[in-house]
Amino acid sequence: MTIAGLFLSCQHSASTSKADRHYPMTGKVVSIDPQHQTATIDAAAIPNYMEAMTMEYPVKSKADLKALHVGEQISATVDVTADESYSLSNVRPGNGAK
């Protein structure tokens, strides 16, 4: 029974991580809420995910949140989990061109 439970648990973890998705995003920072660790971004369309729109994004790390400045163009990654929750990571100033 313990081995079967372990197998099912591992199988569930593997299927969950396969459902996580990551989308490159560009946009302009409209506002930042440090207390709730969120940023409102006027984002360009994200192919295969959503049309262009302004919305609030949770920001994963405090370092990424500190990298944001109102009025600045940014590029970032929108991380979407299996349960469809989303957040921003890998925040970079500019449009991401290197």
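Worth a mention:
- Odd one out for Leu68 among (1) surrounded by 17 or more Cβ atoms within 10 Å (Cβ to Cβ); (2) outside any loop (DSSP other than H, G, I, E, B): (2)
- Residues located in the range 46-60, provided they are touching a residue at least 12 places away in the same chain (Cβ under 8 Å) and open to solvent by less than 40 Å² (accessible area, probe 1.4 Å): Ile46, Met55, Tyr57, Val59
- Subset of the range 47-61 [modelled with pLDDT of 95 or more and not in a loop (DSSP other than H, G, I, E, B)]: Met53, Thr54, Met55, Glu56, Tyr57, Pro58, Val59
- Filtered residues of the range 19-35 (kept if over 14 Å from the mean Cα position of the chain (by Cα), assigned to a loop (DSSP other than H, G, I, E, B) and touching a residue at least 12 places away in the same chain (Cβ under 8 Å)): Pro34
- Residues that are closer than 15 Å to Ser31 by Cβ and either open to solvent by less than 40 Å² (accessible area, probe 1.4 Å) or part of a helix (DSSP H, G or I) (or both) within the range 72-89 comprise Ile74, Leu88, listed in sequence order.
- Given (1) at pLDDT 95 or above; (2) closer than 19 Å to Val80 by Cβ, index of the condition Ser13 fails: (1)
- Residue count, the range 28-45 (criterion: among the aliphatic types (A, V, I, L, M) and either over 15 Å from Ser87 (Cα atoms) or open to solvent by 70 Å² or more (accessible area, probe 1.4 Å) (or both)): 3
The values are calculated or read from the model by the stated rules, or taken from the named source; none is laboratory data. No experiment lies behind these values; they were computed from the predicted model shown. Cβ: placed from backbone, ideal geometry, glycine included. Neighbour counts: every protein chain shown. The area values use the complete protein model at the heavy-atom level, side chains included, leaving out ligands, DNA and RNA. Shrake-Rupley method; radii C 1.70, N 1.55, O 1.52, S 1.80 Å.
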